[in-house]
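Input: a single structure, listed below in structure tokens.
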Amino acid sequence: MKAKYIFSLFIVLMLASCTEKIDLDLATTNERLVIEGELTSDDTIQTIKLTKSTSYYYNEQPPSVQNAKVSIFDGTQNIEFKEIEPGIYASPNNFKGDTLKQYQLNIELNEPINNATSYQASSSMPSVIQQGSIDIVYHDDWLDGIWEVQLYAWDPPQDNFYLFRSFQNGVSVTDTITEWIVSEDRFYNGNFTNGAGVAYFNRKEGQVLHPGDTVTIQMSGITEEYFTFISQVKEAAFGQNPMFSGPPANVQGNIDKGGIGFFAVYSNVYFTTIYKGE
């Protein structure tokens, strides 16, 4: 009994000796340029937002990057963006993207960030399905009830990547990147989509459709690089399965010199229907 007691005490002491206090300094970080920018085929004002990264405990809006020179080169001309609000730069009224063209974002800072004053990013604009329609099917046996928006369209034969965002009566119901749905066309490449699910309204989350509601789906043709970026952001936000899988890799953007974010270029098409009821 005495030997057993001594052995148990030895184990306790050994485990205690392996414990070491580690202080993590989460309040300091290397400052980085953060870019939220997009160029679309829509006839609208295109915007680029510039901010600085902040420390872990910073509980205010990220500091804006002002007085920068922002432009996009479309292969033939350089389009200048003007600062309309602190850190937000807007295109001229008549500037929009064309499919299958390459675009380069150029940023010249008034003051260096992470020892750099110039940043670049480039992306092409893929095409998107132009002809199609959507229908809405209610599934009362899915969770507490889910409305599925189904797409009927012919997909081109090449590999394509798509982004879907939803609107109910003209109001966005997918206004954050974690709510977006991205898809590759591996299951219907070059074929008819035949009712592929592209959006979902969840009763449990208060997303209820009523007869007469107008539902619009924005379908965007995106690059594989942007598809991967959105997928990684969602994985980082929601975690991985299984529970004990490794930590997610850093989200990969397309900004050079250590910049964070993504310069997204994509074409849009819109499909609308009126929900008739269950």
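Kindly establish whether residue 242 is modelled with pLDDT under 95 and open to solvent by 60 Å² or more (accessible area, probe 1.4 Å).
Yes: the conditions hold for residue 242.
Would a scan of the stretch 163-171 turn up a residue that is at negative phi and touching a residue at least 60 places away in the same chain (Cβ under 8 Å)?
Yes, some residue in the stretch 163-171 is at negative phi and touching a residue at least 60 places away in the same chain (Cβ under 8 Å).
Look at the stretch 72-89 and say how many of its residues are open to solvent by 10 Å² or more (accessible area, probe 1.4 Å) and part of a strand (DSSP E or B).
10
Being more than 22 Å from the chain's Cα centre (by Cα) and either among the aliphatic types (A, V, I, L, M) or loosely packed, with under 14 Cβ neighbours inside 10 Å (or both) is the filter here; which residues of the stretch 60-69 pass it?
67, 68
Looking at the stretch 191-221 only, could you name the residues that are among the small types (Gly, Ala, Ser) and modelled with pLDDT of 95 or more?
195, 196, 197, 199, 212, 220, 221
For the stretch 98-119, which residues satisfy the criterion of being acidic (Asp, Glu) and outside any strand (DSSP E or B)?
The one that is acidic (Asp, Glu) and outside any strand (DSSP E or B): 98.
Can you name the residue in the stretch 176-205 that is assigned to a loop (DSSP other than H, G, I, E, B) and closer than 17 Å to residue 266 by Cβ and, of all such residues, is most open to solvent (accessible area, probe 1.4 Å)?
Out of the qualifying residues, it is 180.
Using the structure shown, decide if residue 272 is buried (at least 18 other Cβ atoms within 10 Å of the Cβ), β-branched (Val, Ile, Thr) and either at pLDDT below 95 or over 12 Å from the mean Cα position of the chain (by Cα) (or both).
Answer is no for this residue.
Might you check whether a residue that is closer than 18 Å to residue 222 by Cβ and loosely packed, with under 14 Cβ neighbours inside 10 Å occurs anywhere in the stretch 106-121?
no
For residues that are among the polar types (S, T, N, Q), open to solvent by 50 Å² or more (accessible area, probe 1.4 Å) and modelled with pLDDT under 95, tally how many sit in the stretch 37-53.
Number satisfying all stated conditions: 1.
Which condition does residue 95 not pass, out of (1) without any contact (Cβ under 8 Å) to a residue 60 or more places away in the chain; (2) open to solvent by 40 Å² or more (accessible area, probe 1.4 Å); (3) assigned to a loop (DSSP other than H, G, I, E, B), if it passes all the others?
Status for residue 95: all satisfied but (2).
The values are calculated or read from the model by the stated rules, or taken from the named source; none is laboratory data. None of the values given here were measured: they were computed from a predicted structure. Heads up, the Cβs are rebuilt from the backbone with ideal geometry, glycines too, and the neighbour counts pull from every protein chain shown. Side chains are part of the model used for accessible areas, which takes the heavy atoms of the whole protein and leaves out ligands, DNA and RNA. Shrake-Rupley method; radii C 1.70, N 1.55, O 1.52, S 1.80 Å.
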